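Worksheet: the structure to be examined is printed underneath.
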Amino acid sequence: MKSRISVLIAMLVICVAAFGAGAPWYKWKNKVDRTVVCAQISPGEAWFQYQGPFMESQCRKPGNPQ
């Protein structure tokens, strides 16, 4: 019985992951030295969201990943 539940849970996790979309990328600018990086989440407290969203990690193609 436990193996059936384990298999069911594994299948549910795989199905949910198959429908997940990619997260958007943003350009972040440092408040201190004005350095710009491309990341999906804030690099830290000294950074603010500068531009975005972008579809890929080079922050060149605007839009949200589908």
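Computed from the coordinates by the stated procedures, all read-outs in this text should not be read as laboratory data. Keep in mind it's a predicted model, so treat the numbers as computed, not measured. Cβ: placed from backbone, ideal geometry, glycine included. Neighbour counts: every protein chain shown.
Counting only other residues whose beta carbon sits under 10 Å from that of Y50, what net charge do I get with K and R as +1, D and E as -1? Charge balance in the 10 Å sphere: +3. The residues neighbouring T35, those whose beta-carbon lies less than 13 Å from its own, together hold a net charge of +3 under the Lys/Arg +1, Asp/Glu -1 convention. When all alpha-carbon pairs of region 22-66 are counted, what percent fall beyond 12 Å? Tail of the P(r) past 12 Å holds 52 percent of the pairs. Highest GNM mean-square fluctuation among G52, G44, G22, for the chain modelled with Cα contacts below 10 Å: G44. Springs between Cα atoms under 10 Å define the GNM used for the chain, and in it the highest mean-square fluctuation of P24, P43, P53 occurs at P43.
Counting only helical runs of four or more DSSP H residues, what would the 222 nm mean residue ellipticity of the chain come to if each run contributes -39,500 (n - 2.57) and the total is spread over all its residues?
Values: 1 runs with 17 residues, N = 66.
Value at 222 nm, helices only: -8500 deg cm²/dmol.
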